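A.B. asks: Pasting in a structure now, in structure tokens, and then I'll have a few things to ask.
The values are calculated or read from the model by the stated rules, or taken from the named source; none is laboratory data. All values derive from a computational prediction rather than experimental measurement. Methodologically, a virtual Cβ is constructed for each residue, glycine included, from the backbone with ideal geometry; neighbour enumeration extends over all protein chains shown.
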Amino acid sequence: MKKAIAILLSAVLTASLFTGCGDKKETPSGSSGTGGAAVSSSYLTVDGKAILVPYVAKVDGEEVSLDNLRYYFLNLKANMNASGELTADQETQLMEDAMAYVKDDIAIKRLAEKNGVSLTDEEKKEVADNIEKNKQQYESEAEYAKALEKQYMTPDFYASMQELGMIRNKLLEKLFDKGGAYEMNEEAVKQQVNSSFVHAKHILVQSTTENYEARAKEALEKVQAGEDFDELVKEYGDDPGMESQPEGYYFTRGQMVQEFEDAAYALEVGQTSGLVKTSYGYHIIQRLPIDEEYVAENLETLTSSCKQAKFDELLDELVKGFEVHKSDKYDLINSKTLK
């Protein structure tokens, strides 16, 4: 559900067998991370012919590799759980969303530069050593590359993203830890949660569910008839997050897809929405009061959410000023041509 499918990135990096970060390395596919000049030649195929792609776009003067865009594009596509061919609107949205994450990666670099954050030689060595240790879990370089490829990554791209992840963590520490420009103490977090967060549950009927529109309308009729919302979540809901968080979500601006966010913020506490359509399917949203006991018990998690919200705001400010120049290969990329 979360907009920050940087969840995708963090989930991949933590759920895989790899830890640590590393410098860029040569790979048989001829790929590179964000800003690399090497050519990715095996992933874009048009009319049966492999297309050479030195870069797909320039964002704020930085070349974006096909590997970088491909990672987000294919992970987002997989997250859609779409069966059959995508519609033209879905293709457009997929490309826009993938580029949004690419821009965020570049914004992290720019924000780090602005705040004097970079990796020391010692940290780079630590990163390279960790990458090398991780490789030892595999019988060969080819097996290592194959494991990464399952996550739509090359060794080269994986290393560059690990490095970016370390820079991001250092940047967060500098900005938000004690003495940072945006330090957040307990009182400030509680105040922010009460003033700007929404607490909500929802019934999600995914677009991949058979007869999902009719099913969503049926669920809404039962909600409007006064049936128990939690029981209807169990009966109709397709969001596994509601199983692990039966109390619902606490979120602020920029953390949910736009249509969901807009609908949730428009509700009064205690109100339930009609059908809200997003790229995931149909949602029925119930807004709930902020539970002070929950806030106190989950202060660490909510502090992290507050920091992330401010961090996203800083990135968005930078992204707004980025100039984007698409390459002549950009419009060739879609769910049929990119593998």
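A.B. asks: Among the residues of segment 230-253, count how many are within 16 Å of H283 (Cβ to Cβ), over 19 Å from the mean Cα position of the chain (by Cα) and not in a helix (DSSP H, G or I).
C.D. replies: Qualifying residue count, segment 230-253: 4.
A.B. asks: On to the next question. So in segment 284-302, with the set limited to residues that are touching an Asp or Glu at 6+ places or on another chain (Cβ under 8 Å) and of a type outside the set (A, V, I, L, M, F, W, C), which one is nearest to P240 (Cα to Cα)?
C.D. replies: Residues of segment 284-302 that are touching an Asp or Glu at 6+ places or on another chain (Cβ under 8 Å), as a first pass: 287, 291, 294, 299.
Those left that are additionally of a type outside the set (A, V, I, L, M, F, W, C): 287, 291, 294.
Details: R287: 19, D291: 22, Y294: 21 Å.
Among those that are touching an Asp or Glu at 6+ places or on another chain (Cβ under 8 Å) and of a type outside the set (A, V, I, L, M, F, W, C), it is R287.
A.B. asks: A further question on this structure: Any idea which residue in segment 194-229 is surrounded by the fewest Cβ atoms within 10 Å (Cβ to Cβ), counting only those that are among the polar types (S, T, N, Q) and part of a loop (DSSP other than H, G, I, E, B)? Break it down stepwise before answering.
C.D. replies: We begin by selecting, within segment 194-229, every residue among the polar types (S, T, N, Q); these are 194-196, 206-209, 211, 224.
Among the residues that remain, those that are also part of a loop (DSSP other than H, G, I, E, B) are: 207-209, 211.
On the way: S207: 20, T208: 13, T209: 17, N211: 10.
Per the stated criteria, the residue is N211.
A.B. asks: How many of the residues in segment 287-312 are touching a residue at least 12 places away in the same chain (Cβ under 8 Å) and surrounded by 14 or more Cβ atoms within 10 Å (Cβ to Cβ)?
C.D. replies: Of the residues in segment 287-312, 18 are touching a residue at least 12 places away in the same chain (Cβ under 8 Å) and surrounded by 14 or more Cβ atoms within 10 Å (Cβ to Cβ).
A.B. asks: Considering only residues of segment 124-140 that are assigned to a helix (DSSP H, G or I) and touching a helix residue (DSSP H, G or I) at 6+ places or on another chain (Cβ under 7 Å), which is surrounded by the fewest Cβ atoms within 10 Å (Cβ to Cβ)?
C.D. replies: We begin by selecting, within segment 124-140, every residue assigned to a helix (DSSP H, G or I); these are 124-135.
Checking which are touching a helix residue (DSSP H, G or I) at 6+ places or on another chain (Cβ under 7 Å) leaves us with 127, 131, 135.
Values: V127: 20, I131: 22, K135: 18.
Taking the candidates together, the pick is K135.
A.B. asks: Where residues in segment 33-79 are among the basic types (K, R) and not in a helix (DSSP H, G or I), which of them is modelled with the lowest pLDDT?
C.D. replies: So in segment 33-79, the residues among the basic types (K, R) come out as 49, 58, 70, 77.
Subsequent filtering for residues that are not in a helix (DSSP H, G or I) retains 49, 58.
Values: K49: 92, K58: 98.
The selected residue is K49.
A.B. asks: Take the residues in segment 150-177 that are closer than 16 Å to S42 by Cβ and within 16 Å of the chain's Cα centre (by Cα); name whichever of them is surrounded by the most Cβ atoms within 10 Å (Cβ to Cβ).
C.D. replies: Residues of segment 150-177 closer than 16 Å to S42 by Cβ: 150, 152-157.
Checking the rest, the ones that are also within 16 Å of the chain's Cα centre (by Cα) come to 152-153.
Working: Y152: 21, M153: 27.
This residue is M153.
A.B. asks: If only one of E235, E268, E247 is out of contact with any Phe, Trp or Tyr (no Cβ under 8 Å at 6 or more places or on another chain), among the acidic types (D, E) and farther than 18 Å from Y212 by Cα, which one is it?
C.D. replies: E268
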